[in-house]
Amino acid sequence: MNVIYCGVGGQGIVLMSNIVGEACARKGIHVVSGELHGLSQRSGSVIVHQRIGEGLSPLIPYGEADVILALEPMEALRYIYFLKPGGTVITNTRLIHHPYETENFVKGKIDKYITYEEIVENIRKSGAKLYEIDALKLAEEAGTALAQNVVLVGALTALPDFPIDKETMLEAVKASVPEKAVEANVRAFELGYKAVKELL
């Protein structure tokens, strides 16, 4: 399986791929990841490539990603060209307007922000299977807004063709987050998992 993780700096994109990588290691499944370093500043675009399976290079060719897992919806659309025909997009529903867009709006160079509805419409036009998750709401329900990324990892795990079982993924979550945050992150994972299962 080829997965693109994306979002903006500060959201914990790399942790998402690390959790899946930890789970793969526990199952003896080969996995490689490719991170774009130097772009993880606050509000900057962040993307991580991850390939689960033998004999694969770290970077996913255009049009070959099975899943795009996006903590920010505009970033899902930005990288949609990586998705294979009929691939899956799981996106957070919370839009974070880029500082440049805000600057252009304030200066009158643009007269409105792009809307979530416009982004989703364009994702759907690509032919992707789309799952929309309010990760902030679910993370807050779990006990910490910081667990939005783990909500989406739970959502990814719920996909029918995801190659790692839920129990192993939960063990990877517990091993990858700070000890004091384990319980909240487990709840966040479960809520994300349930959200997608209910949409299948």
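Quick note: the coordinates plus some simple rules give every number you see, no bench work behind them. All figures in this text were calculated on a predicted structure; none of them were measured in a lab. Reconstructed Cβ throughout: ideal geometry from the backbone, glycine too, with neighbour counts over all protein chains shown.
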- Message: Give me the count of lysine pairs in the chain whose alpha carbons sit under 20 angstrom apart, restricted to pairs 8 or more positions apart or on different chains.
- Response: 12
- Query: If you average the sequence gap of Cα pairs under 8 Å that are 6 or more apart and divide by the length of the chain, what percent do you get for the contact order?
  - Reply: 21 percent
- Residue-ordered couplings for the range 120-129, obtained by feeding phi - 60° into the Karplus form 6.51 cos²θ - 1.76 cosθ + 1.60 and rounding to whole Hz (Gly and Pro as x), are 4, 4, 6, 5, 5, 4, 6, x, 6, 7
- Query: Along the charge dipole of the chain, Cβ charges K/R +1 and D/E -1, which of Leu199, Ser17, Ala181 sits furthest on the positive end?
  - Reply: Ser17
- Please find the FRET efficiency linking Leu59 to Lys174, where r is the Cβ-Cβ separation and R0 is fixed at 41 Å, and quote it to the nearest 0.05. 0.90
- Under a no-solvent Debye model with one identical scatterer per Cα of the range 2-199, what's log10 I(q)/I(0) at q = 0.08, 0.11, 0.16 Å⁻¹? -0.25, -0.47, -1.00
- Note on the structure: At R0 = 30 Å the Cβ-Cβ FRET efficiency linking Asn122 and Ala145, nearest 0.05, sits at 0.65
- Would you pull out the residues with amide H under 5 Å of Lys129's amide H, same chain only if 5 or more places away, H placed 1.01 Å from N? Gly87, Thr88, Val89
